[in-house]
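The values are calculated or read from the model by the stated rules, or taken from the named source; none is laboratory data. Predicted, not measured: the structure shown is a model, and the values here were computed from it. As a convention, Cβ positions derive from the backbone with ideal geometry for all residues, glycine included, and neighbour counts pool all protein chains shown. Ligands, DNA and RNA are excluded from the accessible area calculation, which covers all protein heavy atoms including side chains. Shrake-Rupley method; radii C 1.70, N 1.55, O 1.52, S 1.80 Å.
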Amino acid sequence: GGGRDFGSLVHRLLEWAPFEDDNRGASLEAMAAALAPSFNLDEESATRAAKQVEGALALPVLDRARRAPRVWREMSLWFPDGEHLVEGKVDLVFEEEGQLVVVDYKSDAITEEQVLEQAAHHAPQLQLYGRGLSQALGLPIRERLVLFTALGRTVPV
């Protein structure tokens, strides 16, 4: 009911879910139910994933993304960093006032007491991706956020 497969389902739903949908809850539940078997997940996991995504889509940061002139979801990224070639996938990037906002989704079942520690753990990845995105798009990074879908909370890093 959790782990990597559950996180992959949450990511897929956040990638494919329409930002503007008057019947979002029902749409997400149907999409999650249809996708869950391909991730070896049961109906209960599908329902839980849909609820997490519904909560995430209601957060202020997603409202900001809805209004953005440019938005990228699950964006593949390759860029040189010193002598290394970095390859990654950025969950959400959007442009806001000529700057970029980078969002990383985490679906782990953590407690409020673990939020800051977990956000700090993921900060280096977001900083690295921010450098690559800034290089690629020629825009500065405005903000880097970890979005904890299970808690419905974002944390700047």
### Part-to-part distance (alpha-carbon centres) for segment 102-132 and segment 19-72, which is given in Å
20 Å
### Query
Tilt of helix 3-16 relative to the longest C-alpha principal axis of the chain, in degrees (0 to 90, nearest 10)?
80 degrees
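DSSP loop trypsin sites (Lys or Arg not before Pro) in segment 67-157 with at most 14 other Cβ atoms within 10 Å of their Cβ, which ones?
Numbers: sites: 67, 70, 73, 89, 106, 131, 142, 144, 153; in loops: 70.
Those satisfying the criteria are 70.
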### Summary
Computed over segment 53-132, the relative contact order (Cα-Cα under 8 Å, seq sep at least six) in percent reads 24 percent
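For segment 21-157, rounded, prolate or oblate, judged on the Cα gyration tensor with a ≥ b ≥ c (square roots of eigenvalues), a/c < 1.5 rounded, else prolate if a/b > b/c? Provide the component values of the computation, followed by the final result.
Numbers: a/c = 1.73, a/b = 1.57, b/c = 1.10.
Prolate is the answer for segment 21-157, as a/c is 1.5 or above and a/b outweighs b/c.
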### Query
Using Cα pairs under 8 angstrom and six or more residues apart, how large is the relative contact order of the chain, in percent?
21 percent
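For the chain, what is the calculated [θ] at 222 nm in deg cm²/dmol (nearest 500), taking -39500 (n - 2.57) for each run of four or more DSSP H residues and dividing by its residue count? Before the final figure, lay out the partial values.
Working: 5 runs with 72 residues, N = 157.
Computed ellipticity for the chain at 222 nm equals -15000 deg cm²/dmol.
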### Task
Over the chain, with every protein chain in place, what whole percent of the accessible area is carbon and sulfur at 1.4 Å, could you tell me?
48 percent
### Query
Which whole-number percent is the relative contact order of segment 38-92 (Cα, under 8 Å, 6+ apart)?
22 percent
### Task
Taking the dipole about the Cα centre of the chain, with the C-beta of Lys and Arg at +1 and of Asp and Glu at -1, give me whichever of 71, 156, 123 is farthest to the positive side.
71
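How many Å² of accessible area per residue for the chain, probe 1.4 Å? Let's see the in-between values first.
Working: 8090 Å² over 157 residues.
Value for the chain: 51 Å² per residue.
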